[in-house]
């Protein structure tokens, strides 16, 4: 099982944060990535600067037949198409696609760390995972999403909002 997380907190020339995530999802579909399941949208304050625009995120379960470095390459191309400009860490962005878990693999390269090194600390990763894969276990910590959510601060658990809105997919 492969978990991705897509986030946006800036509008782009293509539209709103919702549009950016929907377009990114459709671009994933148009590549060799098969989407199995998508969470609702979740909204959270920007971190660490809460004065920046709020983030929208979705979690995805995907199937991909190639390796994690090929998947990362596909993701970087999609981010570039949507105008992602890498500036300072935690700056606002039109799109951000992270590989959270790639088939339970544990890897550390100069390009990618698997599982995502901070996934167990992020509400916008854990809540979508809990929604779409409640039986998922962190490959290193061997803990499920609910356990990891319960370990988050109360503030982190209450500052996330599940929206009753879904990604628009073009089939």
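The values are calculated or read from the model by the stated rules, or taken from the named source; none is laboratory data. Here the structure is a predicted model, which means the values were calculated and not measured. Every residue, glycine as well, gets a Cβ built from its backbone with ideal geometry; the counts of neighbours run over all protein chains shown.
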Subject >> Which numbered condition residue 50 fails, given (1) within 19 Å of residue 127 (Cβ to Cβ); (2) without any contact (Cβ under 8 Å) to a residue 12 or more places away in the chain; (3) under 14 Å from the mean Cα position of the chain (by Cα) >> reply: (3)
Subject >> Of all residues making up region 153-171, the number that are closer than 19 Å to residue 132 by Cβ and in a helix (DSSP H, G or I) >> reply: 1
Subject >> Scan of region 40-67 for residues that are loosely packed, with under 13 Cβ neighbours inside 10 Å and in a strand (DSSP E or B), ordered by number >> reply: 63
Original post:
Can you name the residue in region 110-144 that is farther than 15 Å from residue 59 by Cα and touching a residue at least 40 places away in the same chain (Cβ under 8 Å) and, of all such residues, is surrounded by the fewest Cβ atoms within 10 Å (Cβ to Cβ)?
Top reply: 111
Original post:
Considering region 83-109 alone, what residues qualify as being under 12 Å from residue 10 (Cβ atoms) and either loosely packed, with under 13 Cβ neighbours inside 10 Å or in contact with a strand residue (DSSP E or B) (Cβ under 6 Å, 6 or more places away or on another chain) (or both)?
Top reply: 83, 85, 87, 94, 95, 96
**OP:** Give the residue, chosen from 70, 31, 12, 8, that is closer than 27 Å to residue 159 by Cβ and either surrounded by fewer than 21 Cβ atoms within 10 Å (Cβ to Cβ) or modelled with pLDDT under 95 (or both).
**Re:** 12
Original post:
If you take the residues in region 4-21 that are outside any loop (DSSP other than H, G, I, E, B) and under 11 Å from residue 95 (Cβ atoms), which one is nearest to the chain's Cα centre (by Cα)?
Top reply: 6
Original post:
Across region 147-161, what is the number of residues that are surrounded by fewer than 14 Cβ atoms within 10 Å (Cβ to Cβ) and in contact with a helix residue (DSSP H, G or I) (Cβ under 7 Å, 6 or more places away or on another chain)?
Top reply: 0
Original post:
Would a scan of region 87-96 turn up a residue that is assigned to a strand (DSSP E or B), in contact with a helix residue (DSSP H, G or I) (Cβ under 8 Å, 6 or more places away or on another chain) and under 18 Å from residue 7 (Cα atoms)?
Top reply: yes
**OP:** Name, by its number, the condition in (1) in contact (Cβ under 8 Å) with a residue 60 or more places away in the chain; (2) in contact with a strand residue (DSSP E or B) (Cβ under 9 Å, 6 or more places away or on another chain); (3) farther than 24 Å from residue 155 by Cα that does not hold for residue 26.
**Re:** (2)
**OP:** Please enumerate the residues belonging to region 22-39 that are outside any loop (DSSP other than H, G, I, E, B) and closer than 15 Å to residue 79 by Cα.
**Re:** 22, 23, 24, 25, 26, 27, 28, 29, 30
Subject >> Where a residue in region 79-105 is on the phi > 0 side of the Ramachandran plot and at pLDDT 95 or above and its partner, wherever it lies, is exposed (fewer than 13 other Cβ atoms within 10 Å of the Cβ) and not in a loop (DSSP other than H, G, I, E, B), with Cβ under 6 Å and at least six apart >> reply: none
